[in-house]
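The next block holds one structure in the form of structure tokens; read it before the comments.
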């Protein structure tokens, strides 16, 4: 978690849902959440990859913590450990999550003086 006078940013790194995750995060009033969406399944477990949030879990988490803007991450990084960002977009649209999908190399400037 990074907090400035104008912005609270959550970079979730590698994570899966765990008990009290929402309760520990929600009080920070997250403005910008970077959430992994590459998922996890039996195939990955067999290869000893723990994985991360699924697209659906990431969208649910964004809603539960009240993130004002969510940027999905950790997809299309590795051939065997990825998800389709369109699945996240669909889940986010269905749940009313505000999000932005960035292209490789795209710069994103969050206006520090303006909260979402």
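Worth a mention:
- Checking 62, 67, 83 one by one, the residue that is modelled with pLDDT of 80 or more and either over 18 Å from residue 10 (Cβ atoms) or part of a helix (DSSP H, G or I) (or both) is 62 and no other.
Every residue, every condition in (1) farther than 25 Å from residue 26 by Cβ; (2) out of contact with any helix residue (DSSP H, G or I) (no Cβ under 9 Å at 6 or more places or on another chain); (3) modelled with pLDDT of 90 or more, yes or no:
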position	(1), (2), (3)
40	no, yes, no
54	no, no, yes
94	no, no, yes
104	yes, yes, no
114	no, yes, no
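- The number of residues in segment 56-80 that are touching a strand residue (DSSP E or B) at 6+ places or on another chain (Cβ under 6 Å) and under 20 Å from residue 29 (Cβ atoms) comes to 6.
- Taken over segment 4-34, the criterion of being in contact with a helix residue (DSSP H, G or I) (Cβ under 7 Å, 6 or more places away or on another chain) and either at pLDDT below 95 or surrounded by 15 or more Cβ atoms within 10 Å (Cβ to Cβ) (or both) is satisfied by 8, 10, 17, 22, 25, 30, 33.
- Residues satisfying the stated conditions in segment 12-43, i.e. outside any loop (DSSP other than H, G, I, E, B) and under 12 Å from residue 62 (Cα atoms): 21, 22, 25, 26, 32, 33, 34, 35, 36
- Consider segment 44-59 and keep the residues that are under 14 Å from the mean Cα position of the chain (by Cα) and outside any loop (DSSP other than H, G, I, E, B). The one that is surrounded by the most Cβ atoms within 10 Å (Cβ to Cβ) is 58.
- Filter result for residue 72 (closer than 22 Å to residue 105 by Cβ and either at pLDDT 95 or above or outside any loop (DSSP other than H, G, I, E, B) (or both)): yes
The values are calculated or read from the model by the stated rules, or taken from the named source; none is laboratory data. No experiment lies behind these values; they were computed from the predicted model shown. Note that we place each Cβ from the backbone using ideal geometry, even for glycine, and neighbour counts take in every protein chain shown.
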